[in-house]
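A short write-up of the structure that comes next.
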Amino acid sequence: MSQALAFSLEGFGSPVEVNLTKNLTKDQLLAFPAFEIWRDTLRQNLELQHSDKYHAFHKDPFTLRSITIQSVDWFGKKIGFVKLAAVLRNREDKQLPGIAFLRGGSVAMLMILRPKDSRDERLVVMTEQPRVPAGSLSFVEIPAGMLDDAETFSGAAAKEIEEETGFKLPRSELIDLTELALKNSKISEKSLQNAMYPSPGGSDEFIPIFLWEKELDRQEIEDLSGKLMGKRMQGEMIKLRVCDYEDLWREGARDAKTLAAWALYEGLNRAGIVQAELMKRRKKSATFSLNDGATAV
C-alpha cells in the first residue's frame, strides 16, 4: 500500500492541509518534537489575534491555510531537521513569510572560571570546531549542543559541558541566565520558550543559556587550552580555548549565543542577580559530599 502524501492537521479552527515528502509519514512528522513545539506555539499565537483586542492583527487575523514539507534530514532512524513552507493569509489575502527550518532546541553554556590564586580574574572556556554551514573549520564559540528528546534544559547543559570540556558537575550548579532575565521582562510572550532565538526569521531554534561559575586551580584551567574533545563517533572535533572574560565580547563577536551569554551575564550581574544565585548554590553545594563536586575527566 502506498503512503499517503497529505493529511489534515486539526486544531486550527479549519483543518490545515499538510503535504509530505516521500520519505516522511504523518506519524513521523507529528512525533518530531520540533514540529510539535512549532505547531503548538503557532496555534497559541494565532488564537491571540482573537482574544487580545490590542493585537496588531485583531481586526483582520491571519489563518494557517497549508503546510508543505519541503525536505527532511535523518540522523539514522531519527529526524534531524525539517524544512517547511507554511501559508498564512488574512481576509485581504496578505501573506506572512512562512519558510521555516525546524531543528528544535539547543543549550549553550557560559563557563566562567576563577583561578584560586587570583579570584578577581575571570576566564571563559570556549570551543573551536568545524561549522560547515558558516563555511568555517575553526569557528569559535561557547560550548553548545542540541537537545535530545525528553531532555531537561539543565540536564542537556550538564551533558554538553562534560562532552565538550571534560567537566562533570551536578545540575544544581547551573544557573539559567535566560530564565532569570525573562522573569521581570515587561514583554509577555508565554507561548515561547524561556530561551533566545538566534534566527527567528528562518529557524525555530531556541537556546536557553546557562552559567557555570567556579573557582579552580590555575593549572587545571590552563590545562584546558588546546585540549581535544568531542564524540569522535559523531565526527566532532572540538579544540578548547581559554579566553579572558574582558575579551569575550570581542573574541565571540561572530557567534550570536556567545554575545547573548555575555549580554545576559553583564545585565544580571549589574542587577546583583547572578551573585545572589551563586550564593544560593554555594549554600546548597556545601551539603554535597566531595564526590559530587566538579572534577576534570
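The values are calculated or read from the model by the stated rules, or taken from the named source; none is laboratory data. Please read all numbers here as calculations on a predicted model, not as lab measurements. Methodologically, a virtual Cβ is constructed for each residue, glycine included, from the backbone with ideal geometry; neighbour enumeration extends over all protein chains shown.
Given the structure, is R250 within 19 Å of the chain's Cα centre (by Cα), modelled with pLDDT of 95 or more and in the same structural domain as S172 (by TED's automatic domain parsing)?
When the stated conditions are applied, R250 does not pass them.
Those residues that are out of contact with any strand residue (DSSP E or B) (no Cβ under 6 Å at 6 or more places or on another chain), buried (at least 16 other Cβ atoms within 10 Å of the Cβ) and among the β-branched types (V, I, T), I need them from region 1-37; list them, please.
I37
Answer with yes or no whether S51 is on the phi < 0 side of the Ramachandran plot, touching a strand residue (DSSP E or B) at 6+ places or on another chain (Cβ under 8 Å) and hydroxyl-bearing (S, T, Y).
The answer is no for S51.
So, in region 130-160, of the ones that are hydrophobic (A, V, I, L, M, F, W, C) and more than 11 Å from the chain's Cα centre (by Cα), which residue ends up nearest to I175 (Cα to Cα)?
A158
Based on this model, can you work out whether E266 counts as touching a strand residue (DSSP E or B) at 6+ places or on another chain (Cβ under 6 Å) and either more than 17 Å from P208 (Cα to Cα) or without any contact (Cβ under 8 Å) to a residue 60 or more places away in the chain (or both)?
Taking the combined requirement at face value, the residue does not satisfy it.
Only one residue in G135, G145, G105 is exposed (fewer than 15 other Cβ atoms within 10 Å of the Cβ) and either in contact (Cβ under 8 Å) with a residue 60 or more places away in the chain or of a type outside the set (K, R) (or both), so which one is that?
The unique qualifying residue is G135.
Please enumerate the residues belonging to region 32-58 that are aromatic (F, W, Y) and either within 16 Å of D204 (Cα to Cα) or not assigned by TED's automatic domain parsing to the domain that holds K78 (or both).
Residues satisfying the conditions are F32, F35, W38.
Just checking, which of L20, L110, L29, L24 is in contact (Cβ under 8 Å) with a residue 40 or more places away in the chain and in the same structural domain as D244 (by TED's automatic domain parsing)?
On the way: L20 fails: in the same structural domain as D244 (by TED's automatic domain parsing); L29 fails: in the same structural domain as D244 (by TED's automatic domain parsing); L24 fails: in the same structural domain as D244 (by TED's automatic domain parsing).
Going through L20, L110, L29, L24 in turn, the sole match is L110.
List the helices (runs of 4 or more DSSP H) inside region 131-235, counting only whole elements, that have at least 2 residues being at pLDDT 90 or above.
Passing ranges, in order: 177-183.
Mind listing whichever residues of region 161-204 are among the acidic types (D, E), in contact (Cβ under 8 Å) with a residue 40 or more places away in the chain and surrounded by fewer than 21 Cβ atoms within 10 Å (Cβ to Cβ)?
E162, E163
Table: residues versus (1) more than 18 Å from E205 (Cβ to Cβ); (2) of a type outside the set (A, V, I, L, M, F, W, C).
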| position | (1), (2) |
| --- | --- |
| P97 | no, yes |
| E128 | yes, yes |
| R131 | no, yes |
| A134 | no, no |
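Do we have I221 as surrounded by fewer than 21 Cβ atoms within 10 Å (Cβ to Cβ), touching a residue at least 40 places away in the same chain (Cβ under 8 Å) and over 14 Å from the mean Cα position of the chain (by Cα) here?
The answer is yes for I221.
Restricting attention to region 19-36, which residues are outside any helix (DSSP H, G or I) and among the aromatic types (F, W, Y)?
Pass one, region 19-36, residues outside any helix (DSSP H, G or I): 19-25, 32.
Within region 19-36, F32 is the sole residue that qualifies.
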